[in-house]
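Here the structure is laid out as C-alpha coordinates; the discussion comes afterwards.
The values are calculated or read from the model by the stated rules, or taken from the named source; none is laboratory data. The structure presented is a predicted model; accordingly, all values stated were derived computationally and were not measured. Don't worry about glycine lacking a Cβ; one is built from the backbone with ideal geometry, like all the others, and counts go over all protein chains shown.
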Amino acid sequence: MTALDGREFRDALGWFATGVTVITTRGPDGDLVGFTANSFTSVSLDPPLVLFSINRQASCLPIFEGCAHFAVNILAEHQAALSSRFATANHDKWRGVAVETWEGGCPILGEALANFECAVHAMHDGGDHRIFIGRVLRLRSSGTGKPLLFSRGAYRLLGDRLGAPAEAAAGSTSALDNGGLFAEHEPWTSA
Ligand SMILES: Cc1cc2nc3c(=O)[nH]c(=O)nc-3n(C[C@H](O)[C@H](O)[C@H](O)COP(=O)(O)O)c2cc1C
(Lines give C-alpha, C1' and ligand atoms only; values in the text may rest on other atoms or scores of the structure.)
Protein backbone atom coordinates (compact mmCIF):
# COMPACT_ATOMS: atom_id res chain seq x y z
CA MET A 1 0.00 0.00 0.00
CA THR A 2 1.22 3.51 -0.74
CA ALA A 3 0.22 6.93 0.53
CA LEU A 4 -1.97 8.80 -1.88
CA ASP A 5 0.05 10.19 -4.75
CA GLY A 6 -1.88 11.89 -7.55
CA ARG A 7 -0.22 9.97 -10.37
CA GLU A 8 -0.65 6.63 -8.62
CA PHE A 9 -4.28 7.45 -7.85
CA ARG A 10 -4.97 8.09 -11.54
CA ASP A 11 -3.04 4.99 -12.59
CA ALA A 12 -4.96 2.80 -10.15
CA LEU A 13 -8.29 4.23 -11.31
CA GLY A 14 -7.25 3.43 -14.87
CA TRP A 15 -7.72 -0.27 -14.16
CA PHE A 16 -11.44 0.40 -13.99
CA ALA A 17 -12.41 -0.04 -17.64
CA THR A 18 -15.36 2.02 -18.79
CA GLY A 19 -17.39 2.82 -21.84
CA VAL A 20 -17.14 6.23 -23.46
CA THR A 21 -19.94 8.76 -23.79
CA VAL A 22 -20.45 12.23 -25.19
CA ILE A 23 -22.66 14.28 -22.87
CA THR A 24 -24.57 17.03 -24.65
CA THR A 25 -26.92 19.90 -24.02
CA ARG A 26 -28.04 23.11 -25.67
CA GLY A 27 -27.01 26.54 -24.49
CA PRO A 28 -29.39 29.47 -23.90
CA ASP A 29 -28.72 30.76 -27.43
CA GLY A 30 -29.46 27.35 -28.93
CA ASP A 31 -25.77 26.52 -29.43
CA LEU A 32 -24.74 22.87 -29.26
CA VAL A 33 -22.56 21.88 -26.29
CA GLY A 34 -20.86 18.59 -25.53
CA PHE A 35 -17.85 16.88 -24.00
CA THR A 36 -16.46 13.34 -23.75
CA ALA A 37 -17.06 11.58 -20.43
CA ASN A 38 -16.29 8.15 -19.05
CA SER A 39 -17.64 9.05 -15.60
CA PHE A 40 -21.15 8.11 -16.74
CA THR A 41 -22.84 5.43 -14.66
CA SER A 42 -26.29 4.17 -13.84
CA VAL A 43 -27.63 5.07 -10.41
CA SER A 44 -31.20 3.86 -10.02
CA LEU A 45 -33.71 1.80 -12.00
CA ASP A 46 -36.83 3.20 -10.32
CA PRO A 47 -36.78 6.11 -10.73
CA PRO A 48 -34.43 5.81 -13.73
CA LEU A 49 -31.37 7.86 -12.72
CA VAL A 50 -27.90 8.17 -14.21
CA LEU A 51 -24.93 10.38 -13.37
CA PHE A 52 -21.77 11.90 -14.76
CA SER A 53 -19.13 14.15 -13.27
CA ILE A 54 -17.57 17.13 -14.99
CA ASN A 55 -14.35 18.93 -14.19
CA ARG A 56 -14.82 22.38 -12.69
CA GLN A 57 -12.33 23.63 -15.31
CA ALA A 58 -14.41 22.44 -18.27
CA SER A 59 -15.44 25.39 -20.41
CA CYS A 60 -18.90 23.91 -20.93
CA LEU A 61 -19.63 23.54 -17.18
CA PRO A 62 -21.55 26.84 -16.86
CA ILE A 63 -23.85 25.75 -19.69
CA PHE A 64 -24.58 22.42 -18.00
CA GLU A 65 -25.19 24.19 -14.67
CA GLY A 66 -27.86 26.30 -16.34
CA CYS A 67 -29.55 23.58 -18.38
CA ALA A 68 -32.74 21.67 -17.64
CA HIS A 69 -31.85 18.65 -19.79
CA PHE A 70 -28.78 16.77 -20.94
CA ALA A 71 -28.26 13.77 -23.20
CA VAL A 72 -25.86 10.85 -22.85
CA ASN A 73 -24.62 9.24 -26.07
CA ILE A 74 -22.83 5.91 -25.66
CA LEU A 75 -20.15 5.62 -28.33
CA ALA A 76 -19.54 2.64 -30.58
CA GLU A 77 -16.06 1.26 -31.24
CA HIS A 78 -15.73 3.15 -34.53
CA GLN A 79 -16.27 6.51 -32.77
CA ALA A 80 -12.86 6.97 -31.09
CA ALA A 81 -12.09 10.00 -33.27
CA LEU A 82 -15.40 11.54 -32.24
CA SER A 83 -14.51 10.92 -28.60
CA SER A 84 -11.14 12.65 -29.04
CA ARG A 85 -12.79 15.57 -30.79
CA PHE A 86 -15.26 16.11 -27.92
CA ALA A 87 -12.37 15.82 -25.43
CA THR A 88 -10.54 18.75 -27.04
CA ALA A 89 -11.34 22.21 -25.68
CA ASN A 90 -11.56 25.22 -27.99
CA HIS A 91 -12.26 23.00 -30.94
CA ASP A 92 -15.01 23.10 -33.53
CA LYS A 93 -16.55 19.98 -32.05
CA TRP A 94 -19.75 19.95 -34.08
CA ARG A 95 -18.47 20.43 -37.64
CA GLY A 96 -19.90 17.66 -39.82
CA VAL A 97 -21.55 15.87 -36.89
CA ALA A 98 -25.07 14.62 -37.63
CA VAL A 99 -27.41 15.43 -34.77
CA GLU A 100 -31.09 15.09 -34.18
CA THR A 101 -33.20 16.75 -31.53
CA TRP A 102 -35.72 15.17 -29.21
CA GLU A 103 -38.29 16.91 -26.99
CA GLY A 104 -35.72 18.11 -24.44
CA GLY A 105 -33.76 19.91 -27.17
CA CYS A 106 -30.39 18.20 -26.54
CA PRO A 107 -28.24 17.18 -29.51
CA ILE A 108 -28.57 13.43 -30.03
CA LEU A 109 -25.63 11.82 -31.82
CA GLY A 110 -26.42 9.38 -34.60
CA GLU A 111 -24.57 6.04 -34.70
CA ALA A 112 -24.24 6.00 -30.91
CA LEU A 113 -25.17 2.63 -29.41
CA ALA A 114 -27.61 4.24 -27.01
CA ASN A 115 -28.92 7.72 -26.32
CA PHE A 116 -30.56 8.88 -23.11
CA GLU A 117 -32.25 12.24 -22.74
CA CYS A 118 -32.47 13.29 -19.10
CA ALA A 119 -33.95 16.02 -16.95
CA VAL A 120 -31.45 17.41 -14.45
CA HIS A 121 -32.46 15.78 -11.17
CA ALA A 122 -29.66 17.02 -8.88
CA MET A 123 -26.21 18.60 -8.88
CA HIS A 124 -23.66 17.82 -6.21
CA ASP A 125 -20.20 18.89 -5.16
CA GLY A 126 -17.59 16.37 -6.23
CA GLY A 127 -14.28 17.94 -5.24
CA ASP A 128 -12.66 19.26 -8.38
CA HIS A 129 -15.68 17.93 -10.32
CA ARG A 130 -19.41 18.61 -10.24
CA ILE A 131 -21.72 15.60 -10.17
CA PHE A 132 -24.87 15.70 -12.28
CA ILE A 133 -27.70 13.24 -11.71
CA GLY A 134 -30.27 12.99 -14.47
CA ARG A 135 -33.68 11.38 -14.64
CA VAL A 136 -33.97 9.51 -17.91
CA LEU A 137 -37.01 10.72 -19.84
CA ARG A 138 -36.54 8.88 -23.12
CA LEU A 139 -33.97 6.63 -24.74
CA ARG A 140 -33.00 4.79 -27.87
CA SER A 141 -30.90 1.65 -27.77
CA SER A 142 -29.28 -0.21 -30.65
CA GLY A 143 -29.89 -3.91 -30.97
CA THR A 144 -26.37 -4.59 -32.24
CA GLY A 145 -22.89 -3.10 -32.19
CA LYS A 146 -19.82 -2.97 -29.98
CA PRO A 147 -19.02 -0.26 -27.44
CA LEU A 148 -15.88 1.85 -27.40
CA LEU A 149 -13.97 1.17 -24.17
CA PHE A 150 -11.42 3.22 -22.23
CA SER A 151 -8.87 1.87 -19.76
CA ARG A 152 -5.42 2.95 -18.58
CA GLY A 153 -5.42 6.03 -20.76
CA ALA A 154 -6.23 4.25 -24.03
CA TYR A 155 -9.22 3.30 -26.14
CA ARG A 156 -9.87 -0.45 -26.19
CA LEU A 157 -12.07 -2.97 -27.93
CA LEU A 158 -14.45 -5.30 -26.20
CA GLY A 159 -13.00 -8.79 -25.72
CA ASP A 160 -14.65 -12.18 -25.66
CA ARG A 161 -17.65 -12.92 -23.51
CA LEU A 162 -17.25 -15.06 -20.38
CA GLY A 163 -20.01 -17.53 -19.56
CA ALA A 164 -23.65 -17.36 -20.58
CA PRO A 165 -25.45 -14.04 -21.15
CA ALA A 166 -26.40 -12.42 -17.86
CA GLU A 167 -30.07 -12.07 -17.07
CA ALA A 168 -31.44 -10.58 -13.89
CA ALA A 169 -32.96 -13.26 -11.69
CA ALA A 170 -36.69 -13.03 -10.98
CA GLY A 171 -37.15 -10.82 -7.95
CA SER A 172 -33.68 -9.36 -8.26
CA THR A 173 -33.23 -5.92 -6.76
CA SER A 174 -30.18 -5.16 -8.87
CA ALA A 175 -29.61 -4.78 -12.59
CA LEU A 176 -26.22 -6.33 -11.92
CA ASP A 177 -27.54 -9.55 -10.42
CA ASN A 178 -26.46 -12.24 -12.88
CA GLY A 179 -28.50 -15.01 -11.31
CA GLY A 180 -25.43 -17.17 -10.70
CA LEU A 181 -24.72 -17.60 -14.41
CA PHE A 182 -21.06 -16.87 -13.84
CA ALA A 183 -20.64 -19.32 -10.99
CA GLU A 184 -17.95 -21.21 -12.88
CA HIS A 185 -15.80 -18.06 -12.76
CA GLU A 186 -16.44 -17.29 -9.10
CA PRO A 187 -13.86 -18.99 -6.88
CA TRP A 188 -15.91 -18.31 -3.74
CA THR A 189 -18.84 -20.38 -5.04
CA SER A 190 -18.76 -24.03 -3.94
CA ALA A 191 -19.36 -26.56 -6.71
C1 LIG B 1 -12.11 8.94 -22.65
C2 LIG B 1 -12.26 10.28 -21.98
C3 LIG B 1 -13.11 10.42 -20.89
C4 LIG B 1 -13.28 11.65 -20.26
N5 LIG B 1 -14.14 11.74 -19.21
C6 LIG B 1 -14.35 12.92 -18.60
C7 LIG B 1 -15.29 13.04 -17.54
O8 LIG B 1 -15.96 12.09 -17.15
N9 LIG B 1 -15.45 14.26 -16.97
C10 LIG B 1 -14.75 15.37 -17.37
O11 LIG B 1 -14.94 16.44 -16.82
N12 LIG B 1 -13.84 15.29 -18.40
C13 LIG B 1 -13.65 14.10 -19.03
N14 LIG B 1 -12.77 14.01 -20.08
C15 LIG B 1 -12.10 15.22 -20.54
C16 LIG B 1 -13.07 16.16 -21.28
O17 LIG B 1 -13.73 15.48 -22.35
C18 LIG B 1 -12.32 17.38 -21.88
O19 LIG B 1 -11.56 18.02 -20.88
C20 LIG B 1 -13.30 18.37 -22.51
O21 LIG B 1 -12.56 19.19 -23.39
C22 LIG B 1 -14.00 19.23 -21.47
O23 LIG B 1 -14.96 20.08 -22.06
P24 LIG B 1 -14.64 21.55 -22.62
O25 LIG B 1 -14.11 21.32 -24.01
O26 LIG B 1 -15.96 22.25 -22.60
O27 LIG B 1 -13.62 22.20 -21.71
C28 LIG B 1 -12.58 12.79 -20.72
C29 LIG B 1 -11.72 12.66 -21.83
C30 LIG B 1 -11.57 11.42 -22.45
C31 LIG B 1 -10.65 11.29 -23.65
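Quick look at the values:
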{"item": "Residues (within 12 Å of the ligand (Cβ to nearest atom) and part of a loop (DSSP other than H, G, I, E, B)) located in segment 32-70", "result": "N38, S39, F40, R56, Q57, A58, S59, C60"}
{"item": "Residue in segment 69-87 that is more than 15 Å from the chain's Cα centre (by Cα) and within 20 Å of C118 (Cα to Cα) present", "result": "yes"}
{"item": "Only one of R95, R130, R85, R140 that is modelled with pLDDT of 95 or more, out of contact with any Asp or Glu (no Cβ under 8 Å at 6 or more places or on another chain) and part of a strand (DSSP E or B)", "result": "R140"}
{"item": "Residue that is modelled with the highest pLDDT, among those in segment 143-185 that are assigned to a loop (DSSP other than H, G, I, E, B) and among the polar types (S, T, N, Q)", "result": "T144"}
{"item": "Members of segment 94-150 that are more than 21 Å from D46 (Cβ to Cβ), among the basic types (K, R) and within 18 Å of the chain's Cα centre (by Cα)", "result": "R130, K146"}
{"item": "Segment 48-65 residues that are within 14 Å of T25 (Cα to Cα), paired with ones that are within 9 Å of the ligand (Cβ to nearest atom) and among the basic types (K, R) (beta carbon under 8 Å, 6 or more apart)", "result": "I54/R130; L61/R130; F64/R130; E65/R130"}
{"item": "Answer from A87, A98 - the residue that is of a type in the set (A, V, I, L, M, F, W, C) and either touching a Pro at 6+ places or on another chain (Cβ under 6 Å) or within 14 Å of the ligand (Cβ to nearest atom) (or both)", "result": "A87"}
{"item": "First in segment 8-28 and in a helix (DSSP H, G or I), second anywhere and surrounded by fewer than 12 Cβ atoms within 10 Å (Cβ to Cβ), Cβ under 8 Å, 6 or more apart", "result": "E8/T2"}
{"item": "Whichever residue in segment 98-119 is buried (at least 18 other Cβ atoms within 10 Å of the Cβ) and aliphatic (A, V, I, L, M) and, among such residues, is farthest from V20 (Cα to Cα)", "result": "I108"}
{"item": "Boolean, A80 is within 13 Å of the ligand (Cβ to nearest atom), in contact (Cβ under 8 Å) with a residue 24 or more places away in the chain and within 16 Å of K146 (Cβ to Cβ)", "result": "yes"}
{"item": "Extreme residue, nearest to the chain's Cα centre (by Cα), among residues of segment 18-46 that are exposed (fewer than 15 other Cβ atoms within 10 Å of the Cβ) and among the charged types (D, E, K, R)", "result": "D46"}
